[in-house]
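Peer 1: Dumping the structure here so I can ask a few things about it.
The values are calculated or read from the model by the stated rules, or taken from the named source; none is laboratory data. In this text, all values refer to a predicted model and were calculated from it rather than measured experimentally. Cβ placement follows ideal geometry from the backbone for every residue including glycine, while neighbour counts extend to all protein chains displayed. To get the accessible areas, we keep the full protein, side chains included, count just its heavy atoms, and leave off ligands, DNA and RNA. Shrake-Rupley method; radii C 1.70, N 1.55, O 1.52, S 1.80 Å.
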Amino acid sequence: MPQAGPKYEPASAEAQSLTKAQKRAEGRARQEQQRAAKAAQKQQPQSGLGAPGTTGSSSSKSKGTVPKKPVSESNKTPSAAASSSKDAPTTLREGAGGLDGLSDGPKSRGLRIFSHFGLPKTPGHQIKGDIHPAIVKLGLQFSEFKICGANARCIATLTAFKMVIQDYVTPPHNTLSRHLMTHLSPQITHLVTARPMSVTMGNAIRQLKLEISGSDIDLPEQDAKDALCQKIDNYIRDRIIIADEVIEDLAVKKIKDEDVVLTYARSSLVEKIILRAHSLNKRFSVIVVDSRPLLEGKALLHSLTSTVPPIPCTYALLPALPSLITDADIVLLGAHSLHANGSVYSRAGTAMVAMLAKEHTVPVMLCCETYKFSETVMLDGFGKNELAPTKFSPASPKSNSNLEVLNPLYDSTPASCITAVVTEVGLIPPTSISSIPLALGRTTL
């Protein structure tokens, strides 16, 4: 009997500590229950995230939190229950932001695999720095897709830079060849903010900077600016306009009478080739394959059927391609850029057209100017891409739906699916891109 007293003293101390723990746990439990209720309302369509106990146990395992004593569900202390309920809404929030990307609204569009894609900007994005009005206008046209296409964007950019150079005044104690590059940097940044820079724009801007750095410092300022503008005009004439004319002459020879030409979306160069063949009185028909979100093939169809006499055309969407590819004699495709490993970076859907044409032994001719060549390597369409604005989507998903519409604008076509690349230097295989600068006597394109 005298030994019974000491046995109850630790029990009373433990009871006091449990009482304090219960008081703290009750407050935490109430807060976490409220958070869990709010998170559960947002996650009602998801069946797997509705049970707080299950998600709490899984999250506690993933975080490596192990209770000091093995406690069963029936004998779980209030503090353990509070910690379990505390982990549950955390898992719900992680599932909401990282799995479907719907609860966070437009800030997190799509899965994490698309998080690095170029997101469309609002037309009135913030203007930072001393931006020329012509660049501001061009940025709005880029963001609203009023100027679309690699050639059109490059020509518009260089034309705007001509206005920037003519309005530029060299500050005192500075030279034009050094300070003008600093003045152009915020202009370029503004355009990139409106829409990711294309390969054609990057090559043209790189050439422009090279010309600026090599300008004679002894020339009067106006003469130096006129010389730079003349070099911009020469670049547009030589690398785009004349190059397109040479490519037209080469590609038209591949179109025979009674041929069926299949093309995808709209390429300004392919459109010129088809119209040139029609002007030479060649009798052929065209299949225009199109797809969402931009539906550019409609503009090409209108241009081809507006000729006199109109070119016989068939318009179809991309799912109908398998039933039409058997009728085609040649496939003409355009390109956004052509990379060192021979892969073609072009409008989304081009890879499907080229692969299906190869499967049916239909020759695929890629029409591309040399200034679209890039020294980088493109392995797939996920390393670099751009998302179309939501205004091009047919319909927005419901607010309680797990579906979200994502429209990547480009894809990558492997070199094995391209028969030949038609350039201003001739017809070459896509794997011989890297040898062209040497053939032209240049170090770079």
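Peer 1: Which percentage, to the nearest 5, of the DSSP beta bridges contained in the range 253-440 is antiparallel?
Peer 2: 30 percent
Peer 1: Related question: State, to one decimal in nm, how far the label point of V425 lies from the label point of A299, with both points 7 Å from Cα in the Cβ direction.
Peer 2: Calculated label separation equals 3.0 nm.
Peer 1: In what sequence, largest accessible area first, do S434, S185, S303 appear using a 1.4 Å probe? Present the calculation step by step, with values, prior to reporting the outcome.
Peer 2: Numbers: S434 85, S185 55, S303 30 Å².
Greatest to least solvent exposure: S434, S185, S303.
Peer 1: Need one word for the range 253-440: rounded, prolate or oblate. Basis is the Cα gyration tensor (sqrt eigenvalues a ≥ b ≥ c); a/c below 1.5 gives rounded, then a/b vs b/c decides. Can you show the working numbers first?
Peer 2: Details: a/c = 1.86, a/b = 1.12, b/c = 1.66.
It is oblate, given that a/c is not under 1.5 and a/b is not larger than b/c.
Peer 1: Then there's this: By accessible area of protein heavy atoms, probe 1.4 Å, what ranking do H302, H190 get, highest first?
Peer 2: Values: H302 125, H190 10 Å².
Sorted descending by solvent-accessible area, the residues read H302, H190.
Peer 1: Right, next: Give the peptides 405-411, 277-283 in descending order of average Cβ contacts within 10 Å, highest first.
Peer 2: Highest mean packing first, the order is 405-411, 277-283.
Peer 1: Calculate, in nm to one decimal, what T314 and V246 gain on full extension: separation in residues at 0.36 nm each, minus their alpha carbon distance. Spell out each step's value before the answer.
Peer 2: Working: separation 68, 0.36 × 68 = 24.48 nm, distance 2.76 nm.
Full-extension gain reported as 21.7 nm.
Peer 1: For the pair S213/Q31, report the inter-label distance in nm, with labels modelled 7 Å from Cα in the Cβ direction.
Peer 2: Placing both labels 7 Å beyond Cα along the Cβ direction yields 5.7 nm.
Peer 1: What length, rounded to one decimal in nm, is gained on full extension from T170 through to K256, with 0.36 nm per residue of separation minus their alpha-carbon distance? Numbers along the way, then the final one.
Peer 2: Details: separation 86, 0.36 × 86 = 30.96 nm, distance 5.65 nm.
Between T170 and K256, full extension yields 25.3 nm more.
Peer 1: Continuing with this model, one more query. Ignoring ligands, DNA and RNA, please state the percent of accessible area on the range 253-440 from carbon and sulfur, probe 1.4 Å.
Peer 2: Working: 4800 of 8340 Å².
Using a 1.4 Å probe with all protein chains present, the range 253-440 comes out at 58 percent carbon and sulfur.
Peer 1: With a 1.4 Å probe and every protein chain left in place, work out the accessible area per residue of the range 253-440 in Å², rounded to a whole number. Could you put the intermediate results ahead of the total?
Peer 2: On the way: 8340 Å² over 188 residues.
Accessible area per residue, the range 253-440: 44 Å².
Peer 1: So what does F117 come to for accessible area, using a 1.4 Å probe and Å² rounded to 10?
Peer 2: Estimated to the nearest 10 Å², F117 gives 10 Å².
Peer 1: What distance in nm separates the two pseudo spin-label positions at R237 and H179, each 7 Å out from Cα along the beta-carbon direction?
Peer 2: 3.1 nm
Peer 1: Continuing with this model, one more query. Between S374 and residues 5 or more places away or on another chain, which pairs have amide H atoms under 5 Å apart, with H built 1.01 Å from N, and which residues are they?
Peer 2: L338, H339, A340
Peer 1: Here is a follow-up. Any chance you could run the full-extension gain for E221 through N281? It's 0.36 nm times the residue separation minus the Cα-Cα distance, nm to one decimal.
Peer 2: Working: separation 60, 0.36 × 60 = 21.60 nm, distance 5.13 nm.
Gain on stretching E221 to N281: 16.5 nm.
Peer 1: Output the peptides 320-328, 133-141, 334-342 sorted from most to least packed, where packing is the average of other Cβ atoms within 10 Å over each peptide's residues.
Peer 2: On the way: 320-328: 15.1, 133-141: 17.9, 334-342: 22.0.
Descending mean neighbour count gives 334-342, 133-141, 320-328.
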